[in-house]
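*Asks:* Below: one structure in structure tokens.
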Amino acid sequence: MLQKNAVPEIQQYSLGKVLLVWAAAAVPMGVLGWIVAPALSRGSANPGIIRLGVLTIGLIWQFVLVMILLYREAGNLHWSTIRERLWLQQPRSPRTGAADRRLWWWLIPVIVLTALYEMQVIGGVDRLWVSLFPIFAEPPSFGLAGFLGSPEGKAQMVGAWGFFWLFIVNAVFNTVIGEELLFRGLLLPRMAGTFGKWDWVANGILFGFYHWHQPWGFIGAAIEGIFLFAFPTKKFHCAWFGIIAHSLQSVVFAFLLLGLVLGLA
């Protein structure tokens, strides 16, 4: 029986299993992003919106995958099991291993650094990466920013509640119970057996190169995954650090999109 504040023993994955789980997330996203979405978008005036909907299916699959693997490991999906085995718990002291509410204050610098990185750094990193490897450049029809920033796009967004709720579903499965739950909740606690003390670095690299559906962001996502999502999650054994930091972009974009839907922008 675990003592109070004890860190539960979590099964460690072999390198093969880590890569298999990674592929189970990355391959469907690549197929959906590069084959299914373009096929469904032929002749559409808004291919970026169709792509968003198609990729949402892949993110939902990641949540299902986590639940399947967790059930096979633990034999149940009780909240207590999910919380402990996916690190959805209070942060723990790196020194004592005991839960400590005061460690939540570390979220402030993590959020600030994530915001600065996403506003000032990641765009430059992605541009440098694409300049070195132009083959990974984003196709013009894939992005939503240009469409939403145009007068025509803004006009079409007024009252577009269906698109707004599609984005919300995508965001929830992206930064809360999809990508983050898979990479920081499931994989990271199970990677030390293979990668030792550098498991958080390996986790961030895998996260970056999982983005086959948008390879123009490989390096930017890897850097963010290593230092802003995986490192604080590992340090405090708390997946909420990665979830909250990763969700920052979704929250900001949701408010901007809400302004468009309400006709305020």
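The values are calculated or read from the model by the stated rules, or taken from the named source; none is laboratory data. Note that this is a predicted model, so its numbers are computed, not measured. Note: ideal-geometry Cβ built from the backbone for every residue, glycine included; neighbour counts use all protein chains shown. Accessible surface areas use protein heavy atoms only, side chains included; no ligands, DNA or RNA. Shrake-Rupley method; radii C 1.70, N 1.55, O 1.52, S 1.80 Å.
*Asks:* Report Rg/Rh for the chain, rounded to two decimals, where Rg is the Cα radius of gyration and Rh the Kirkwood radius.
*Replies:* Rg/Rh for the chain comes to 0.98.
*Asks:* Then there is this: Any idea which of Val18, Gly220, Gly97 is furthest toward the positive side of the dipole for the chain, if Lys and Arg beta-carbons carry +1 and Asp and Glu beta-carbons -1?
*Replies:* Checking the options against the dipole of the chain, the answer is Gly97.
*Asks:* On full extension of the chain, what length is gained from His78 through Ser131, given 0.36 nm per residue of separation minus the C-alpha to C-alpha distance?
*Replies:* 14.3 nm
*Asks:* Ok, one more. Accessible area of the chain with a 1.4 Å probe: how many percent of it is carbon plus sulfur?
*Replies:* The value for the chain is 70 percent carbon and sulfur by accessible area.
*Asks:* Still on this structure: Show that you can apply the helix-only estimate: for the chain, add -39,500 (n - 2.57) for every DSSP H stretch of four or more residues, divide by all residues, and state [θ] at 222 nm to the nearest 500.
*Replies:* That comes out to -17500 deg cm²/dmol.
*Asks:* Consider a paramagnetic label point 7 Å from the Cα of Ala254 along Cα→Cβ; state which residues of segment 142-167 have an amide N under 12 Å from it.
*Replies:* Correct set: 165-167.
*Asks:* Does a label point 7 Å from the Cα of Leu262, set along Cα-to-beta-carbon, have any residues of segment 132-176 with amide nitrogen under 13 Å, and which are they?
*Replies:* Residues 159 fall inside that zone.
*Asks:* Okay, next question. Considering only Ser131, Leu144, Ile243, whose Cα is most displaced toward the positive end of the charge dipole of the chain, charges sitting on Cβ of Lys, Arg (+1) and Asp, Glu (-1)?
*Replies:* Ile243
*Asks:* Give me the one-decimal Kirkwood hydrodynamic radius in Å for segment 5-66, with the sum taken over alpha-carbon pairs.
*Replies:* 13.6 Å
*Asks:* Sticking with this structure for a sec: Roughly how tilted is helix 161-175, in degrees to the nearest 10 and between 0 and 90, from the longest Cα axis of the chain?
*Replies:* 30 degrees
*Asks:* What accessible area per residue, rounded to a whole number of Å², is obtained for the chain using a probe radius of 1.4 Å?
*Replies:* 50 Å²
*Asks:* Also, quick follow-up: For segment 109-233, what are the per-bin percents of Cα-Cα distances with bins 10 Å wide, up to the bin holding the maximum?
*Replies:* It works out to 12, 34, 35, 16, 3, 0, in whole percents.
*Asks:* Roughly how many Å is it from the Cα centre of segment 203-232 to that of segment 150-195, as a whole number?
*Replies:* After rounding, the separation between the Cα centres reads 15 Å.
*Asks:* Next up: Between the helical axis of 240-261 and the dominant principal axis of the chain, each derived from Cα atoms, what acute angle in degrees is found, rounded to the nearest 10?
*Replies:* The angle comes out near 20 degrees.
*Asks:* Rounded to whole Å, give me the distance from the Cα center of segment 233-265 to that of segment 9-31.
*Replies:* Each part's Cα centre sits 25 Å from the other's.
*Asks:* For segment 1-89, run through the GluC sites (Glu not before Pro) and keep only the ones in DSSP coil with at most 11 other Cβ atoms within 10 Å of their Cβ.
*Replies:* Answer by residue number: Glu9.
*Asks:* Through the Karplus equation 6.51 cos²θ - 1.76 cosθ + 1.60, θ set to phi - 60°, convert the phi angles of segment 177-191 into ³J(HN,Hα) values in whole Hz; use x for Gly and Pro.
*Replies:* Whole-Hz 3J(HN,Hα) from phi for segment 177-191: 10, x, 4, 5, 5, 6, 7, 9, x, 8, 6, 4, x, 10, 9.
*Asks:* Share of Cα-Cα pairs in segment 1-146 beyond 23 Å, in percent?
*Replies:* 62 percent
*Asks:* Further question on the same structure: Within the chain, which is the longest segment containing none of the trypsin sites (Lys or Arg not before Pro) that sit in a DSSP loop and have at most 13 other Cβ atoms within 10 Å?
*Replies:* Longest run free of exposed loop sites: 96-265.
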